[in-house]
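The values are calculated or read from the model by the stated rules, or taken from the named source; none is laboratory data. Note that the coordinates shown come from a computational prediction; the quantities given were computed from them, not determined experimentally. With ideal geometry, Cβ positions are generated from the backbone for all residues, glycine too; neighbour counts draw on all protein chains shown.
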Amino acid sequence: MSMTEADTVTDIRRNVAVLGDRVLVEPPEDAERRTKAGILIPVTAQSVDRKGIWGLTIGVGPHVRQVNAGDEVLYLPDDAIEIDVQGESYLIVRERDIHAVASPDREDATGLYL
C-alpha cells in the first residue's frame with residue numbers, strides 16, 4: 001500500500017452504530033479536570049468521591065428501553081468507556097449504569113428540574 005492509499009484509508013468517515021443496551025453520551029465540557037500541576041484527568045479516571053455526571057445522549061442501541069437520543073443522563077464516570085470519534089471524545093455507557101434521565105417530555109418525572 002502506497003503512502004497516498006494509507007492516507008485515504010484513514011480519511012474515510014464511518015457511520016457509528018450503537019449496539020445492544022449501550023448509550024452513546026457526549027460528556028459535558030467541564031467533565032475533564034486539571035490538577036494544579038496541569039495534569040489532565042480524563043472523565044473516566046477512577047474517582048474517590050463517586051460523583052455523577054450529566055451528559056447528553058447522542059445515540060442509543062436497539063435494546064435500550066428508557067433513554068432516547070437528546071435526553072440528558074446521569075452516570076458515574078467509572079462505568080463509562082471513553083472513545084474518540086473523528087477527534088471528538090464520547091462515552092459509551094450501558095443503560096443499566098444510567099441512574100437518571102432528564103427529558104422535557106418525560107411523563108414519569110419526579111417534579112425536579114435541571
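When residues of region 81-90 are filtered for being within 16 Å of Glu29 (Cβ to Cβ) and within 10 Å of the chain's Cα centre (by Cα), how many remain?
3
Listed here are the residues, each with its yes/no results for (1) exposed (fewer than 10 other Cβ atoms within 10 Å of the Cβ); (2) within 11 Å of the chain's Cα centre (by Cα); (3) at pLDDT below 90; (4) assigned to a strand (DSSP E or B).
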| residue | (1), (2), (3), (4) |
| --- | --- |
| Ala45 | no, no, yes, no |
| Ile58 | no, yes, no, yes |
| Gln66 | no, no, no, no |
| Ile92 | no, yes, no, yes |
| Asp105 | yes, no, yes, no |
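Restricting region 14-43 to residues that are part of a loop (DSSP other than H, G, I, E, B) and of a type in the set (A, V, I, L, M, F, W, C), which is modelled with the highest pLDDT?
Residues of region 14-43 part of a loop (DSSP other than H, G, I, E, B): 14-21, 27-32, 35-39, 42-43.
When the remaining residues are screened for being of a type in the set (A, V, I, L, M, F, W, C), the result is 16-19, 31, 37, 39, 43.
Working: Val16: 79, Ala17: 85, Val18: 88, Leu19: 91, Ala31: 58, Ala37: 73, Ile39: 72, Val43: 59.
For region 14-43, the residue satisfying everything is Leu19.
Looking only at region 94-103, filter to residues that are in a strand (DSSP E or B) and in contact (Cβ under 8 Å) with a residue 60 or more places away in the chain; which one of those is surrounded by the fewest Cβ atoms within 10 Å (Cβ to Cβ)? Break it down stepwise before answering.
Step one: of region 94-103, the residues in a strand (DSSP E or B) are 94, 98-102.
Imposing the further condition that a residue be in contact (Cβ under 8 Å) with a residue 60 or more places away in the chain reduces the set to 94, 98.
Details: Arg94: 16, Ile98: 22.
Among those residues, the one meeting the criterion is Arg94.
Could you tell me whether region 71-79 includes any residue that is modelled with pLDDT under 90, in a strand (DSSP E or B) and out of contact with any Pro (no Cβ under 9 Å at 6 or more places or on another chain)?
No: region 71-79 contains no residue that is modelled with pLDDT under 90, in a strand (DSSP E or B) and out of contact with any Pro (no Cβ under 9 Å at 6 or more places or on another chain).
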